[in-house]
Amino acid sequence: MATYQITNVTMSEGGTKSEHIDAVGNSAAGWNFTVRTVMAMILRGDTFFTVDKFDGGRHVPVTIVNARPTSYIRSAPDRTTTDNLLSLPRRAASANYLGV
């Protein structure tokens, strides 16, 4: 089991009305995983988190939301938006993805 800090997101190219996160990554650590891969890794015991830079570097867990028609990932709900996945820097959609 491994622990991964998410520092950026790659958004879909569907426009603002249907925009969603396609992948997450950490450029400094050299990885970028699709959301589907992240969900599989979480289910096997790996941990993902974001860091709230405005709250002393607090780690905020990333979890799976089981929804219909498609499950997705999100940072744990809390009192701030500064640690949300959608608040992270965006990476170009042409980035290479790693799989499990």
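The numbers here are math on the coordinates, done by the rules we state, and not lab data. In this text, all values refer to a predicted model and were calculated from it rather than measured experimentally.
Here are some notes:
- Remark: the Cα gyration tensor places the chain in the rounded category, a/c being less than 1.5.
- Full extension of the chain between Thr63 and Thr80 gives 4.5 nm of extra length, using 0.36 nm per residue less the Cα-Cα distance.
- Prolate/oblate/rounded label for segment 6-65 (Cα gyration tensor, a/c 1.5): oblate
- Taking amide H positions as modeled 1.01 Å from N, with prolines and chain starts lacking one, the residues under 5 Å from Thr10 and 5 or more places away or on another chain are Asp22, Ala23, Val24, Arg91.
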